Structure formats: structure tokens, C-alpha cells
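A quick write-up on the structure given underneath.
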Amino acid sequence: MQKNVLARAAIAVLFGVLASSAWAQSAPVKLRFGHAHPTTDSQHVAALEFAKKVKERTQGGIEIQVFPSNQLGNDNTMIAGVRGGTIDIEMSGNPYFTGIEPKLNVLDLPYLFDDIAHVAKVLDGSIGRSLLNDLESKQMKGLAFWEIGFRSLANSRRPVNKAEDIKGLKLRTTPNPAHIKAFQLLGAAPQPMPFSEVYSALETKAIDGHENPPSVMLLTKMHEVQKYLSLTKHAYTALVVIMNKAKFDALKPEYQQILLQEAVNTAKFQRDLNAKGEAAALAELRKNGMQIVDNPDVAGIKKIVADETRKIFIEKNGDELLKAIDALR
């Protein structure tokens, strides 16, 4: 009798262990994904699409929770969080990474890309992957390049039709050295600051203007504090999607591949969203009172900034990377 009781107890314990082990194996990996932009932005829509696709392809094995609007901190805080392992995934504009990996500065050079097709060839191919891989020594796994887009110039003082019109403007820029140098060459006073501070700085006249894609200006209501927009498209800003490297390395190889593949697929998804939304954003900005210069003298602006900013990059990093990018035009 006692033997039967012991046997039943042992079987119960064994089944409990097996059940616990099976549960542990099937429990989803939960990842926190932070970004700085509002829920109406294509960045957030893309992040949700990425989370959805990853969950589907891993059959629930990975669940990604998205935290928009600086909920996990500003860009610098989130990047530090990913490097330190307190945040799993985040995305920020390329300029926030150039102090960590200087070669990434190449992507922010004025007039580097001809169009969005050129962007895709570079960022979705071997050049983009090589640049992302350079982040691994800094505790980050680069998943893909998404986008902020082609930047144009807005201000509250005057229409910008030509390079001379930029002279004297106090402009918020990113912290990227190429952006700062370009506006110095044009005679402006560039003032890097976090994007979250731009609206109030424009409202109080601490700065005259800033530069971003029109869709970003609309979503953040910059038309309320700026009257003039010039479609200079003077630089393209990539959005770098990173993951904590140790967390990535700990995943099953098949999960790693799914994350990388879906990150690249989502880059294409988001670019399509932005392309479709650009005309609508410009129409809405006009409706809200912005005066838009559709065809500024881009050639004149490019002549002042393109070669000089390239020279600075080449002095520090050589010209091999630039030649590879130019070869894909």
C-alpha cells in the first residue's frame, strides 16, 4: 500500500516537472520596443506591424510591446537603455548614433541619395548591413534601417528660395556633424536640441526654424509656429532599429533570422507608407496656412554644402564607403 502511494507521488512529481518544463519552453519571449514619436507617426505604425509579423512567424514565441512618445525616455536615454540591457529594442534617427559609430555619419551627408530607390539599394543591401554590424562592438544588434525621410527646411521669418535666404536663420538641427557643418556653410546658426523641445523653442522664438520631412512637421503641428516651408530635401535621415546584443544572441537562431528578416520587410512597408503620405501632408500644411516653396534652388544649396561636408567625412574615414554608395546610383 505504502509503495503504491509513493509510486503515485513520484509519478505526480514527474508529470509536474515535465509540465513545468514544457511551459517554460513555450513561454513567449517578451521584448519592449521604445521610440520617440507619437502613435499617429509611421514609425509607430511600422513598429506595430513589425511586432505583429514577428509574433505570427514565431507562432507566439516572441511578443513585442511597443512604447511610443518617449515613454521609455528620450532618444539618448533609450539608446543607453538598449546598450545596458534595460530596454530590448528601440529606434532613433541615425544622427544619434554617429557619436557612437562615426562611419554612420556618411548617411547624413547632404544630398548623398538621389531618391528613395537609391536609399533602398544602399540601406537594405550589403552596405547597410555592414554599417549595422559595426554597432555590435557597442552592445547593440542593428536589425534594419527604417526611415525618418528626406528633410526640408521650415522657418517663421521668410520664404527660402535660394541659399542666400538661409543666411542668419537660427535653425534647430540634429547633433550630426554633417548637418551642423552644412548650415554653418550656408551662414545659418545651427542649434542642436532634442526634437521634443523644438515646438516650444519655435513658439518662444528661441529659434527661427528647423528641418524635417513634411509629414513629421504636420504630425507635430509645427505649422502652428512656422509659416514657411521650402522643399530643399537637403538630407535623408535613416531610422536605426537596434536590439540589445546579448538579448538577441540568447534567442534561438530561427528567432534571430525572423527578427532580421521582418525588420527589413518592415523598412519597405514604412517607406511605402511615407511615400503615400507625403502629398497628403503637404496639402494639409497648405490648408493650415503654410507657404510652401516647391522648387527652391537646390543646385545652388548643394553646390555650397555637398563637396565640403564630403571632404570632412573622407578626411576621417576615407572614401571607400562613399564610392560604394555612389556606385549604386
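The values are calculated or read from the model by the stated rules, or taken from the named source; none is laboratory data. The model shown is predicted, which means the values in this text are computed figures rather than measured ones. So basically every Cβ, Gly included, is an ideal-geometry build from the backbone, and we count neighbours across all protein chains shown.
A few remarks follow.
- In the condition set (1) on the phi > 0 side of the Ramachandran plot; (2) assigned to a helix (DSSP H, G or I); (3) not basic (Lys, Arg), residue 179 is compliant with all but (1).
- Within segment 241-250, at least one residue is free of Cβ contacts under 8 Å to residues at least 40 places away in the same chain and either crowded, with 22+ Cβ neighbours inside 10 Å or under 30 Å from residue 61 (Cα atoms) (or both).
- Residue selected from segment 50-75 under the condition in contact with a Ser or Thr (Cβ under 8 Å, 6 or more places away or on another chain) and among the polar types (S, T, N, Q), by the criterion farthest from residue 262 (Cα to Cα): 74
- Any hit, segment 191-207, residues being crowded, with 23+ Cβ neighbours inside 10 Å, of a type in the set (Ser, Thr, Tyr) and within 16 Å of the chain's Cα centre (by Cα): no
- Residues in segment 191-203 that are of a type in the set (A, V, I, L, M, F, W, C) and in a helix (DSSP H, G or I) were compared, and the one that is nearest to residue 166 (Cα to Cα) is 202.
- Single match in 329, 310 (criterion: more than 21 Å from residue 209 (Cα to Cα) and touching an Asp or Glu at 6+ places or on another chain (Cβ under 6 Å)): 329
- Filter pass, residue 263 being of a type in the set (Gly, Ala, Ser), touching a residue at least 40 places away in the same chain (Cβ under 8 Å) and loosely packed, with under 15 Cβ neighbours inside 10 Å: no
- Selection count, segment 148-176, where residues are in contact with a helix residue (DSSP H, G or I) (Cβ under 6 Å, 6 or more places away or on another chain), closer than 20 Å to residue 76 by Cβ and in contact (Cβ under 8 Å) with a residue 40 or more places away in the chain: 3
- Pair list, Cβ under 7 Å, 6 or more apart: segment 183-200 residue within 15 Å of residue 96 (Cβ to Cβ), other residue among the hydrophobic types (A, V, I, L, M, F, W, C): 192/180; 193/201; 195/36
- Test: residue 39 is assigned to a loop (DSSP other than H, G, I, E, B) and without any contact (Cβ under 8 Å) to a residue 24 or more places away in the chain: no
Yes/no per residue for (1) touching a Lys or Arg at 6+ places or on another chain (Cβ under 6 Å); (2) at positive phi; (3) among the aromatic types (Phe, Trp, Tyr):
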residue: 224; (1), (2), (3): no, no, no
residue: 246; (1), (2), (3): no, no, no
residue: 255; (1), (2), (3): no, no, yes
residue: 274; (1), (2), (3): no, no, no
residue: 300; (1), (2), (3): yes, no, no
residue: 304; (1), (2), (3): no, no, no
residue: 329; (1), (2), (3): no, no, no
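- Only a single criterion out of (1) modelled with pLDDT under 95; (2) buried (at least 21 other Cβ atoms within 10 Å of the Cβ); (3) among the aliphatic types (A, V, I, L, M) is not satisfied by residue 235, namely (1).
- Pairs meeting the criteria (first residue in segment 204-220 and part of a loop (DSSP other than H, G, I, E, B), second residue of a type in the set (Lys, Arg) and at pLDDT 95 or above, beta carbons under 6 Å, at least 6 apart or on different chains) are 207/170; 207/172; 208/157; 208/170.
- Selected residue (criterion: nearest to residue 219 (Cα to Cα)) from residues of segment 276-314 that are under 24 Å from the mean Cα position of the chain (by Cα) and loosely packed, with under 13 Cβ neighbours inside 10 Å: 280
- Among the residues making up segment 63-121, those that are in contact with a helix residue (DSSP H, G or I) (Cβ under 7 Å, 6 or more places away or on another chain), part of a helix (DSSP H, G or I) and polar (S, T, N, Q) are 76, 94, 105.
- Condition met for residue 61 (in contact with a Phe, Trp or Tyr (Cβ under 7 Å, 6 or more places away or on another chain), surrounded by 24 or more Cβ atoms within 10 Å (Cβ to Cβ), among the small types (Gly, Ala, Ser) and farther than 30 Å from residue 319 by Cα): no
- The residue of segment 218-250 that is nearest to the chain's Cα centre (by Cα), among those that are more than 14 Å from residue 140 (Cβ to Cβ) and of a type in the set (D, E, K, R), is 233.
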